[in-house]
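Notes follow the structure.
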Amino acid sequence: MSESNVRNLVIIGSGPAGLTAAIYAARANLKPLLIEGFSAGGLIPGGQLMFTTDVENYPGFPEKITGQELMQRFRDQAAHQGTEIVTADVTKVELTGGHPFKVWVEDTLYLTKAVVIATGARANYLGLESEEKLKNKGVSACAVCDGALFRGQDVVVVGGGDTAMEEASYLSGLCSSVTLVHRRDEFRASKAMVQRVVENPKIKILYSHVVEEVLDVKADMVTGVRVKNVKTGDSHLVPAAAMFVAIGHTPMTDLFVGQLETHPNGYLKTVPGSTRTNIPGVFAAGDVQDWNYRQAVTAAGTGCMAALDAERWLAQQGGH
Ligand code: FAD
């Protein structure tokens, strides 16, 4: 392949991070190629917001907007600015063999001077049929996103780590009660966070319980959660308007294992205050490198940072 076929920038992923990186990179005349995904890891073009109904916290949309419409607007803007978009999953990358980097979609090879990784993360769910049927109808994996919809109502949170503690604490400020369901008899979250939850009078803790079923599929809305005590085998119903699943997320990093440095929890490592990975010319943005904030607006923010970091890096390499 000749030098002229080497692209300036390939962006992998089309959630808020990837599409924002594309908008900025296209405006900087980098002529970016965005490989938007197809079905990798259960995610689709547009990313996680394609699985939600209304987005009420993305700035600029006071009347709320559906996740799908919001992502269509991101995509239209990226295309309008001149991004070339390929609808497919990246199947392999070679980032450690020097420049240019190699990115494959099946048998098609793209050579590129820089890469922005924005492959996101996927929320983990319990895997119950009733849970699947009631997603967006009271079952949620994001308290910050959906908690306000259940203001003044009783809700359930499932999990025992830091995320579950945070979600329970956050929801206790909005909802009339929070029942925290955890399968073990102690939490694995940090002591300080556990203490905050244990001392919160609005949070009731059910240790050694698992969720058996989310009700009521027939009514097409959450009315309660049937839980089972794993020690006694007894079941009972917890009335609730929503169930928040807080059992972690899985970052979409399979492609990069052994090539890029990751944190012990599997998220890509970036140099603090930037989107730079351990390989010069490779940048990471959005949820694939952020297990802390996990919001569309923060993903978009780091997508912008990645495009600017890539643009500056390319300029240092002698322009594009
Ligand atoms: P993602 O949105 O996860 O997108 C990742 C992209 O990478 C996808 O396009 C995928 O197809 C692509 N991809 C993955 N692997 C490959 C591959 N091998 N090749 C090519 N492409 C690939 N946040 C809010 O701010 N407000 C909300 O109301 C809100 N509601 C939510 C509701 C739900 C149900 C969920 C799950 C999340 C919600 N969030 C919300 C969180 C928000 O969606 C995420 O923080 C945000 O989407 C992260 O953006 P991202 O660009 O990093 O990645």
So the angle from the long Cα axis of helix 296-316 to the longest Cα principal axis of the chain, reported in degrees to the nearest 10, equals 20
Quick calc: nm separation of the 7 Å Cα→Cβ label points for Glu261 and Val297 -> 3.1
Expressed in µm² per second, the diffusion coefficient of the range 125-245 from the Stokes-Einstein equation, with Rh the Kirkwood radius over alpha carbon pairs, at 37 °C and 0.692 mPa s, is 235
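When the Kirkwood radius is taken over all Cα pairs of the range 204-283, what Stokes-Einstein diffusion coefficient follows at 10 °C and 1.306 mPa s, in µm²/s? Provide the component values of the computation, followed by the final result.
Values: Rh = 16.4 Å.
Stokes-Einstein gives a translational diffusion coefficient of 97 µm²/s.
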The helix 67-80 Cα axis meets the longest alpha-carbon principal axis of the chain at an angle in degrees, between 0 and 90 and rounded to 10, of 10
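First select every other residue whose beta carbon is under 12 angstrom from the beta carbon of Gly82; then total the charges, Lys and Arg +1, Asp and Glu -1.
Numbers: positive: Arg27, Lys31; negative: Glu84.
Result for the local shell: +1.
What's the FRET efficiency of Tyr125 with Val271 using the Cβ-Cβ distance as r and R₀ = 35 Å, to the nearest 0.05?
Numbers: r = 33 Å, r/R0 = 0.93.
The pair Tyr125/Val271 has a calculated efficiency of 0.60.
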Cys residues of the chain with no disulfide-compatible partner (no other Cys Cβ under 4.7 Å) are Cys175, Cys304
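As a test of the definition: which semi-axes, in Å, follow for the range 18-108 when you take the square root of five times each eigenvalue of its alpha carbon gyration tensor? Largest first, please.
Working: eigenvalues 147, 57, 20 Å².
Over the Cα atoms of the range 18-108, the ellipsoid semi-axes are 27, 17, 10 Å.
Determine the gain in length on full extension of the stretch Asn57-Thr87; use 0.36 nm per residue of separation and subtract their C-alpha separation, reporting nm with one decimal. Show your work: numbers first, answer last.
Values: separation 30, 0.36 × 30 = 10.80 nm, distance 2.79 nm.
Contour length minus the Cα-Cα distance gives 8.0 nm.
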Percent antiparallel among DSSP beta bridges confined to the range 125-245, rounded to 5, stands at 40
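To the nearest 500 deg cm²/dmol, what mean residue ellipticity at 222 nm is calculated for the chain from DSSP H runs of n ≥ 4 alone, each contributing -39,500 (n - 2.57), summed and divided by the residues? List each step's numbers first, then the result.
Details: 7 runs with 75 residues, N = 320.
Helix contribution divided over all residues of the chain: -7000 deg cm²/dmol.
So for the chain, what are the equivalent ellipsoid semi-axes in whole Å, largest first, each being the square root of 5 times an eigenvalue of the Cα gyration tensor? Before the final figure, lay out each step's value.
Numbers: eigenvalues 320, 78, 58 Å².
Rounded to whole Å, the semi-axes are 40, 20, 17.
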Expressed in angstrom and rounded, the centroid-to-centroid distance over alpha carbons for the range 4-19 and the range 260-320 is 13
When the chain is treated as a Gaussian network with springs between alpha carbons less than 10 Å apart, the largest mean-square fluctuation among Lys202, Lys135, Lys231 is found at Lys231
The distance between the Cα centres of the range 161-212 and the range 73-108, in whole Å, is 41
Listed by chain and number, the residues whose amide H is under 5 Å from that of Val105, excluding neighbours fewer than 5 places away on the same chain and using placed H, are Thr91, Tyr110
quick note, the chain, DSSP beta bridge pairs, % antiparallel (nearest 5) is 45
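Since every read-out is calculated from the coordinates, none of them should be taken as a lab result. Keep in mind that what you see is a predicted model, and the values were worked out from it rather than measured. Quick reminder, even Gly has a Cβ in these numbers, built from the backbone with ideal geometry, and neighbours come from all protein chains shown.
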